[in-house]
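Please read the structure below before turning to the comments.
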Amino acid sequence: MHEWISVELSRGRNADFMAEAEERRLARLAPRRAAWPVLRARVARRVFAFALALEREETWKAVWERLEAPRHP
């Protein structure tokens, strides 16, 4: 009696699974972002943090001067 509905639901579910599998397959084939810019940015952040640690007093003076500078509207 209700056999046709279970068949239709099964077909719909299979179609969804196939579409999902195709999306995953296409995602694997898509070109990935190059690792060089990411690595370069990470190294730049670490070098900057290291420079701040080495020149903490000089950095603080520059920041203080900036904060103390008069603001012009």
_Across region 33-73, what fraction of all alpha-carbon pairs, as a whole percent, falls in each successive 5 Å bin from zero upward?_
5, 21, 14, 15, 13, 12, 10, 8, 3
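For every other residue with a beta carbon closer than 15 angstrom to the beta carbon of A30, add +1 if it is Lys or Arg and -1 if Asp or Glu, then tell me the sum. The partial results should precede the final answer.
Numbers: positive: R24, R25, R28, R32, R33; negative: E22, E23.
So the surrounding residues net to +3.
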*Can you run phi through the Karplus equation (6.51, -1.76, 1.60; θ = phi - 60°) for region 65-70 and list ³J(HN,Hα) in whole Hz, with x for Gly and Pro?*
4, 5, 6, 7, 5, x
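When the helix-only estimate is applied to the chain (DSSP H runs of n ≥ 4, each -39,500 (n - 2.57), divided by the residue count), what is the mean residue ellipticity at 222 nm, nearest 500 deg cm²/dmol? Don't skip to the answer; put the middle values down first.
Working: 3 runs with 60 residues, N = 73.
Using -39500 (n - 2.57) per qualifying helix, the result is -28500 deg cm²/dmol.
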*Which one is right for this structure if P(r) over Cα pairs in 10 Å bins from 0, in percent is calculated from it: (i) 16, 34, 21, 14, 11, 4, 0; (ii) 21, 55, 22, 2; (iii) 15, 16, 15, 14, 11, 13, 10, 6, 1?*
(iii)
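Each value in this text was obtained by applying a stated rule to the coordinates, not by laboratory testing. What you see is a predicted model; the values in this text were computed from it and never measured. All Cβ positions, glycine included, derive from the backbone under ideal geometry; neighbour counts span all protein chains shown.
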